[in-house]
Amino acid sequence: MQHHRDSSTSSRFPQRGTGGYLFAAVALLLLAVAVYGRVSGYGYLVTDDPKYITGNHWVRAGLTWEGVSWAFRTTYFSNWHPLTWLSLMLDTELFGADPRPRHLVNLALHWLNAVLLFAIGCRLLRAFWPALFMAALFVVHPLHAESVAWLAERKDLLCALFYFAAVLYYLSYAKRPNGTGLVVLIVLQALALMAKPMAVSLPLVLLLLDLFVVNRLDPVRLVRPRGWRQTELRAVVEKLPLLLLVAASMAITLAAQHDAMRTLQVLPLPDRFTNALISYTVYLRQLVMPVELAFFYPLVKPDVVADVLPALLLLGLVLLLAMRLRGHGLVLFGLGWFFLALVPVIGIVQVGAQAHADRYAYIPAAGVYLVVAYGLARLAPRLRVLPVLAACLVCFYAVLGWVQVGYWASSESLWARTAEVSGNSRDVRIGLFEAYLQSGKLAAAEIQARALLEEHPGNFSGYFAMGLLSGKKQEPAAAEYWFRQSLARRGDDASALFNLGNALAAQGRTAAAARSWRRALQLDPALRGARYNLMRMEQDVKQEFDAS
């Protein structure tokens, strides 16, 4: 089966070095700026940004040898992604604490990813305008606002950069496989994994290219005993080093996320598979009609009639479409890319309380865009109105994307929108509390804190929130009470211990405060505030000693 022949169209394939590529790059940049340009005025968010940047000692110190060593050794915040840490440290080295240029770096990375996707589209579709349409969808689609507008998601952008670069490079490598080319692929895979472990799907996506696009593997021959040719054997064997990197990354990630994972007792396997099934269809629906997007979607018990049956029906239709178009290799490859790339985050291994997340679609969505662009390339010569409709679709998604980016202007607007879409679950109330506390709206913050206590009486979060609120009100004795109550429910927690130390210090109990800060640093060596407080305390003691 010569799948790749179906991907060619009558459109002239633009040659390297022509002005077409420059035009495409500039057009994509203008689209990216139109949708995301205002992030250059955005600040930090209360969610995860303190862990990744503002409260992280190593990141705030910039690029140092100690920081580089920490980046490669740590599984801090339940992840091993040293390249992401190094990127954030480099930001500090270049821009200091200013969040605005950091946002511009995110925007630039998003644009570079779109350019790479355009190049992939040119190679696969052999048609300039469909490839540009594919990349334009990626640039403007509101489902990607979370990955671009949230500084803590730098890992998404970096992972996609090397993931897309590997796919693009493989299209050349597959024509003339060689040892040097394989080393390049291994390096690209390693860099993608060091940005975010979601790149574990890359070797399987490359195998899909072998099967359906570059014809290095024949799907019929592979199921026959002793039917493999030497070239086919090589195509499989050369993926082994990539799969070894995947195995290592999975082992590190599972160890790092062990404490954050939900056990089978809390979330049984049938519930996980049901959520995975529904999540696939949610992502497909959001790609088509990206409305009511939110930062957090809570896990809820699905309704068989309203949720499960429609999901089965939609996935069945997708399967029928794939079987009907099995002679069209790019359709099979695009759908395979989408489904395979989502496997690591689809919820079989459940980390956190979210059912799904917009950021998880950043890489997988490229497969769907490819299928849509392939349809445009095939049908445009017969339906001349189709290019106009495609341009209108890009504009439509650009407007929705611009609106979605607006919700990321502040923590308050983000969590208010999330509450509007997803309801007031525990995680949403925590987000709202932190947002109101950050903006100084203490009365609104107290409403959320007391709601947490009433709705989740045995949970750590309500007591911790009341402790933070008491500290903000300059009530250290009350803050001490609430932080001790929160520690009684969770045991050692770095944030609670740090804030308990602050409450003790405010009461003049410096020795007890120092013990609390040191314990917090043992649990979280990146906790910048505790390190700073201990340093200040040591300086004060030294000054008193010198004065005496």
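We did not get these values from a lab; they are worked out from the coordinates using the rules stated. Here the structure is a predicted model, which means the values were calculated and not measured. Ideal geometry is used to build each Cβ from the backbone, glycine not excepted, and the neighbour counts take in all protein chains shown.
For the reader, a short list of remarks on this structure follows.
- Estimated 222 nm signal from helices in the chain, with DSSP H stretches of n ≥ 4 weighted -39500 (n - 2.57), rounded to 500: -21500 deg cm²/dmol
- Pairs with C-alpha atoms separated by more than 26 Å, drawn from the list LYS196/LYS239; LYS51/LYS472; LYS155/LYS472; LYS51/LYS196, are LYS155/LYS472.
- At q = 0.16 Å⁻¹, base-10 log of I(q)/I(0) for segment 77-124 (Debye sum, equal scatterers on each alpha carbon): -0.61
- FRET efficiency, ALA409 to VAL349 (Cβ-Cβ, R0 35 Å, nearest 0.05): 0.60
- For segment 160-290, the percent of C-alpha pairs falling in each 5 Å distance bin, counted from 0 to the bin holding the largest distance, reads 2, 9, 15, 15, 16, 15, 13, 9, 4, 1, 0.
- Rh by Kirkwood over Cα pairs, then Stokes-Einstein D for segment 49-181 at 1.567 mPa s and 4 °C, µm²/s: 79 µm²/s
- Rounded if a/c under 1.5, otherwise prolate or oblate - segment 439-519, Cα gyration tensor axes: oblate
- Using 0.36 nm per residue and subtracting the Cα-Cα separation, the extra length available between GLN507 and LEU442 on full extension is 21.2 nm.
- Förster radius 51 Å - calculated FRET efficiency between LEU389 and THR64 (Cβ-Cβ, nearest 0.05): 0.45
- Segment 131-178 and segment 405-471: distance between their alpha carbon centers, rounded to Å: 34 Å
- Residues within the reach of a label modelled at LYS473 (point 7 angstrom out along Cα to beta-carbon, backbone nitrogen below 17 Å), restricted to segment 430-461, are 433-434, 436-454.
- Separation of segment 304-347 from segment 32-48 is 33 Å, based on Cα centroids.
- Simple spin-label estimate for LYS175 and LEU267 gives 4.5 nm between the two label positions (7 Å along the Cα-to-Cβ direction from each Cα).
- Gain upon complete extension [GLN539, VAL291; 0.36 nm per residue less C-alpha separation]: 83.9 nm
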